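Everything on this sheet refers to the single structure shown next.
The values are calculated or read from the model by the stated rules, or taken from the named source; none is laboratory data. These figures come from a predicted structure and were not determined experimentally. As a convention, Cβ positions derive from the backbone with ideal geometry for all residues, glycine included, and neighbour counts pool all protein chains shown. In case anyone asks, the SASA skips ligands and DNA or RNA and just uses the protein heavy atoms, side chains included. Shrake-Rupley method; radii C 1.70, N 1.55, O 1.52, S 1.80 Å.
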Amino acid sequence: MYKFDPQIIRVGISGCLIGQKVRFDGGHKRSDFCTNQLAKHVELVPLCPEMAIGLGTPRPSIRLVGQGSEGEEVIAQTAKGDDVTEALRDYGKKMAAQFSGLSGYVLCAKSPSCGMERVRVYHESGKGNAKVGVGIYTAELMKALPLLPLEEDGRLNDDILRENFVTRIFALHDWQCLCHEGLTSGGLIAFHSRYKYLLMAHHRDSYQALGKLLADLSSDVEAKAEAYIAGLMSALAKPVTRKEHTNVLQHLQGYFKRDLHSRQRQELAHTIHQYRDGMLPLLAPITLLRHYLNEFPNDYLQQQVYLNPHPEALRLRYGI
Ligand code: SF4
């Protein structure tokens, strides 16, 4: 059972991605980012569903079989024709029931067990295939744990998707800490306040809608909290464009208009424009804003998750 622990951020991962030799051919697909960088900040929980259902390694490869249309029920078949669908499904259900303490999950792309999307489904007639499937194990995780941020190893090579995924892991952990302490109306309002600019960057309408949801917490706090976190995680899943970051940076710039002298104001505005035009990474204006925040402290800004959504050592804002 992977219980929640506020001191540890636990992230599930397909076993082959941390270098375990559990693939059908006896190999692995070690992810450099997960093992060398992410693992320094979270505890990775590796699992191989195919090994767990007793298939062993090396083993005949598995494939999904169906009609090839999106959203259909498919089966997972070994090269020998054995149907392992139920075994994988049952294992997915069993593990999902133990995963309430996880804050994210990294999955091996294209796998008929672990793949998150676009897994090949072979037509039952034996002719052709279509990339429309979801791995059988992962489909169960998605059903049971809709809030859990999921991402595939290949997609983590994209700077924007990588930063987005890690942001969501830390946000969900933050929320799990709040629930662990005991949910209160005040805690919920304070949480929303800290996420103001991060939410505005990801999805401005969600910031307003979630604010309205929390406007009256005189009743149904638990139900509202559930709707709130579902809305927050869904908004954060949307990657942020340079234009949207620029808009938030300009809002933050406004907090310093009385403190900075004209040359400093121009420098900050110029840095934001250079970021908007693709000449500088997001880290540049954020660093300058943090510098001014140190000089001119502001409690409201200092608590904004937007300025520190994940550990700086991960260098996630260098490439976006
Ligand atoms: S993709 Fe999943 S099932 Fe396949 S080897 Fe990796 S962990 Fe095991």
task: Pop the C-beta distance of residue 120 and residue 100 into the FRET formula with R0 = 30 Å and round what comes out to the nearest 0.05.
output: 0.45
query: Hey, any idea what Rg/Rh is for the range 161-320, computing Rh the Kirkwood way over Cα pairs?
result: 0.98
- prompt: Relative to the Cα centre, what is the charge dipole magnitude of the range 159-306, using +1 at the beta carbon of each Lys and Arg, -1 at the beta carbon of each Asp and Glu, and rounding to the nearest 20 debye?
  reply: 560 debye
field: Accessible solvent surface per residue of the range 19-126, calculated while the other protein chains remain in place, 1.4 angstrom probe, Å²
entry: 49 Å²
message: If I model a spin label at residue 227 and residue 264 as a point 7 Å from the Cα along the Cα→Cβ vector, what separation in nanometres do I get?
response: 4.3 nm
statement: Classified through the alpha carbon gyration tensor (a ≥ b ≥ c as square roots of its eigenvalues; rounded if a/c is under 1.5, else prolate when a/b is larger than b/c, else oblate), the range 88-167 comes out oblate
query: Carbon and sulfur together cover what percent of the accessible area of the range 10-157 at a 1.4 Å probe radius?
result: 47 percent
- prompt: Ignoring the sites themselves, what is the longest stretch of the chain with no GluC sites (Glu not before Pro) in a DSSP loop and at most 15 other beta-carbon atoms within 10 Å?
  reply: 125-320
task: Have a look at 49, 171, 318 and report the one farthest towards the positive end of the charge dipole of the chain, computed about the Cα centre with Cβ charges (Lys/Arg +1, Asp/Glu -1).
output: 318
query: Among all lysine pairs in the range 161-320 that are eight or more places apart or on different chains, how many have alpha carbons less than 28 angstrom apart?
result: 10
- prompt: Roughly how many debye, to the nearest 20, is the charge dipole of the range 24-172 about its Cα centre, given +1 on each Lys and Arg Cβ, -1 on each Asp and Glu Cβ, and no other charges?
  reply: 160 debye
field: Order of exposure, largest accessible area first, which applies to 286, 8 with probe 1.4 Å
entry: 8, 286
task: Could you list, in their original order, any pairs among 29/94; 94/143; 3/110 whose Cα atoms are separated by more than 19 Å?
output: 29/94; 3/110
statement: Taking protein heavy atoms only, a 1.4 Å probe, and rounding to whole percent, the accessible area of the range 161-320 owed to carbon and sulfur comes out at 51 percent
- prompt: With charges set only on the Cβ (+1 for Lys and Arg, -1 for Asp and Glu), what does the dipole of the chain come to about its Cα centre, in debye to the nearest 20?
  reply: 760 debye
- prompt: Which trypsin sites (Lys or Arg not before Pro) from the range 189-279 combine a DSSP loop assignment with at most 15 other Cβ atoms within 10 Å?
  reply: 257, 258
Computed Rg/Rh of the chain, alpha carbon atoms with Kirkwood Rh: 1.03
statement: Percent antiparallel among DSSP beta bridges confined to the chain, rounded to 5, stands at 40 percent
- prompt: Mind listing the phi-derived Karplus ³J(HN,Hα) values for the range 33-49, rounded to whole Hz, using 6.51, -1.76 and 1.60 with θ = phi - 60°, and x for any glycine or proline?
  reply: 4, 5, 7, 9, 10, 4, 4, 6, 10, 9, 9, 7, 10, x, 8, 10, x
task: Set the Förster radius R0 to 22 Å, insert the Cβ-Cβ distance between residue 219 and residue 179 as r into 1/(1 + (r/R0)^6), and round the FRET efficiency to 0.05.
output: 0.70
message: Leaving out ligands and nucleic acids, and using a 1.4 Å probe, what accessible area per residue does the range 161-320 come to in Å²?
response: 48 Å²
- prompt: Which of the listed residues, 264, 200, 161, is farthest toward the dipole's positive end in the range 161-320, when Lys, Arg count +1 and Asp, Glu count -1 at the beta-carbon?
  reply: 264
- prompt: Against the longest principal axis of the chain, how steep is helix 221-236, in degrees 0 to 90 to the nearest 10, with axes from Cα atoms?
  reply: 90 degrees
